[in-house]
Amino acid sequence: MNRSIEFNSEYIDYKDDILSLIENFSASNGQTIKDHRNIIKRFRLENLDVNIKSFAIPPMLNAFIYSFFRLTKAHRSFDYGKRLLKIGINTPTPICYCEYKSKGLLNKSFYISMQLEYDFPISEVINNKNFPNRVKILNDFVLFTFKLHENGINFLDHSPGNTLVKMNNSRLIFYLIDLNRMKFEKMNFTKRIMNFRRLTNDKEVLKIISREYAKLSNRDDDEVFSLMVKYSNQFLRRRFFRKKLKKILVK
């Protein structure tokens, strides 16, 4: 198979070690963090902790598209990670991406980043009504999202598990992960409110979030809350329909 790779110049000294881990990924003894459609493993390299994300081999049509018309998920993750850091948005430091092609079509692909030691994902705050300082954390998360929007970042996978929170004394630092679905564009009001639709349909949480976002964007509280509820419910209905349709087609 043909291989293409791009490295963050700051980590080029680790190239041989990382390539060895990639080429022996299935048999390697790293700590498995996620094992679903994509697999994420954590490895220790001398004084460096890294995550290697192995993307699922795409079906033939997608492999053709990724080979000739669109950047792969691994490539986009690497590029978007570097771009976010330049803007001042935190994400685990990108180290490299690596792709393998077989007969001209994408086969395996990997994204490698620094391991992030964090305290909790924002999902724990959203789902736990008794989470300490819940309202303050949610308000800070809204400010973080507002900063994304002000910088023209439409994070299409803005779901509860894709923002990690690290506590630095009393200061909260937010990190984006799972970066391959993102647009850099001017965010109008509709796009901004729709960007919250994957987070929750819990009206108590949406009330907190909408109130803070309304304050930051100088909009009416009730208007923002009503739209957040509308878009969240639309998203859930469509997701339910897709799952139901998939079950029917699989039978």
Regarding the range 54-64, can at least one residue be identified that is under 23 Å from Ser26 (Cα atoms) and either part of a strand (DSSP E or B) or among the basic types (Lys, Arg) (or both)?
yes
For the range 178-186, state whether one or more residues are in contact with a Lys or Arg (Cβ under 8 Å, 6 or more places away or on another chain) and polar (S, T, N, Q).
yes
Would you check which residues across the range 1-43 are surrounded by fewer than 16 Cβ atoms within 10 Å (Cβ to Cβ), basic (Lys, Arg) and in contact with a strand residue (DSSP E or B) (Cβ under 8 Å, 6 or more places away or on another chain) and list them?
Arg3, Lys15, Lys34, Arg42
If I go through the range 113-143 residue by residue, how many of them are over 26 Å from Asp49 (Cα atoms), part of a helix (DSSP H, G or I) and of a type outside the set (Phe, Trp, Tyr)?
12
Answer yes or no as to whether Phe110 is among the aromatic types (Phe, Trp, Tyr), in a helix (DSSP H, G or I) and closer than 19 Å to Asn180 by Cα.
no
So which of Glu223, Glu212 is among the acidic types (Asp, Glu) and surrounded by 19 or more Cβ atoms within 10 Å (Cβ to Cβ)?
Glu212
Given (1) crowded, with 17+ Cβ neighbours inside 10 Å; (2) closer than 11 Å to Phe174 by Cβ; (3) touching a Lys or Arg at 6+ places or on another chain (Cβ under 9 Å), Asn139 misses just (2)
In the range 108-119, which residues are exposed (fewer than 15 other Cβ atoms within 10 Å of the Cβ) and within 26 Å of Leu216 (Cβ to Cβ)?
Asp119
Tell me the residue from Phe78, Phe55 that is in contact with a helix residue (DSSP H, G or I) (Cβ under 6 Å, 6 or more places away or on another chain), touching a residue at least 40 places away in the same chain (Cβ under 8 Å) and either closer than 25 Å to Glu117 by Cβ or assigned by TED's automatic domain parsing to the domain that holds Leu148 (or both), please.
Phe55
Going by the structure shown, is Ser170 farther than 23 Å from Asp79 by Cα and surrounded by 19 or more Cβ atoms within 10 Å (Cβ to Cβ)?
no
On the basis of being assigned to a helix (DSSP H, G or I), among the aromatic types (Phe, Trp, Tyr) and touching a residue at least 60 places away in the same chain (Cβ under 8 Å), does Phe146 make the cut?
yes
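The values are calculated or read from the model by the stated rules, or taken from the named source; none is laboratory data. In this text the structure is predicted, and so the values were computed from the model without any measurement. Virtual Cβ from ideal backbone geometry, glycine too; neighbours counted across all protein chains shown.
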